[in-house]
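Visitor: Let me give you the structure first, and then I'll get to my questions.
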Amino acid sequence: MTPKQRDHRTVPADRSVRQGRLAKAKQFLRVADEARELADRDGVADAAVTLYVHAGIAATDALCAGALGKHAKGQDHDEAIALLDTVDPSAAKALSVLLAMKTRAGYGHDPLSDTDLTRAERAAHRLTELASL
């Protein structure tokens, strides 16, 4: 018996959506990198991670738009990861890394570690680079 395939909630995404989401990914990434430079001095690591998460989400939308003509819709992170996995399993892993940090970075009371910050930076850059191809 094969597992039931999930019906992912998506929205159509044409070339202009892809370009717009990629532009947003690059904006978030640029500001996250600037915040990253401040993180050691000013304790803004969580803000940088939050921006990396948003960069990764926007890049994911651009990747899916380009490859599938649609991107995930809604708050279910597992659906977004599963949809991206159909495009590029390594990209889906990078998105998983970012989404695992989202709530703690944006809403938690304890700061993320330097290791988390580095992992978020790498994942967001990877997704944005893939979306730029």
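The values are calculated or read from the model by the stated rules, or taken from the named source; none is laboratory data. Fair warning: this is a prediction, and the values are worked out from it, not measured in the lab. Every residue, glycine among them, receives a Cβ derived from its backbone with ideal geometry; neighbour counts consider all protein chains shown.
Visitor: Out of the residues in region 36-74 that are assigned to a helix (DSSP H, G or I) and in contact with a strand residue (DSSP E or B) (Cβ under 6 Å, 6 or more places away or on another chain), which is nearest to Ser16 (Cα to Cα)?
Guide: Per the stated criteria, the residue is Ala65.
Visitor: Within region 9-22, does at least one residue satisfy the condition of being farther than 15 Å from Glu129 by Cα, of a type in the set (A, V, I, L, M) and in a helix (DSSP H, G or I)?
Guide: yes
Visitor: Also, quick follow-up: List pairs: first residue in region 97-109 and touching a residue at least 12 places away in the same chain (Cβ under 8 Å), second residue part of a helix (DSSP H, G or I) and aromatic (Phe, Trp, Tyr) anywhere in the structure, Cβ distance under 7 angstrom, at least six positions apart or on different chains.
Guide: Close Cβ pairs satisfying both conditions: Leu98/Tyr52.
Visitor: Condition first: outside any loop (DSSP other than H, G, I, E, B), of a type in the set (D, E, K, R) and in contact with a strand residue (DSSP E or B) (Cβ under 9 Å, 6 or more places away or on another chain). Can you find one or more residues in region 75-87 that meet it?
Guide: Just the residues of region 75-87 that are outside any loop (DSSP other than H, G, I, E, B), to begin with: 77-87.
From the residues that got through so far, the ones that are of a type in the set (D, E, K, R) too are 78-79, 85.
The next check asks that each one be in contact with a strand residue (DSSP E or B) (Cβ under 9 Å, 6 or more places away or on another chain); those that pass are 79.
Yes, that holds for at least one residue.
Visitor: Can you name the residue in region 41-80 that is within 18 Å of Asp110 (Cβ to Cβ) and without any contact (Cβ under 8 Å) to a residue 60 or more places away in the chain and is also surrounded by the fewest Cβ atoms within 10 Å (Cβ to Cβ) among such residues?
Guide: Among those that are within 18 Å of Asp110 (Cβ to Cβ) and without any contact (Cβ under 8 Å) to a residue 60 or more places away in the chain, it is Asp42.
Visitor: Give the number of residues within region 73-88 that are modelled with pLDDT of 95 or more and more than 25 Å from Ser113 (Cβ to Cβ).
Guide: Qualifying residue count for the region: 7.
Visitor: Please enumerate the residues belonging to region 89-114 that are among the polar types (S, T, N, Q) and at pLDDT 95 or above.
Guide: Result: Ser90, Ser96.
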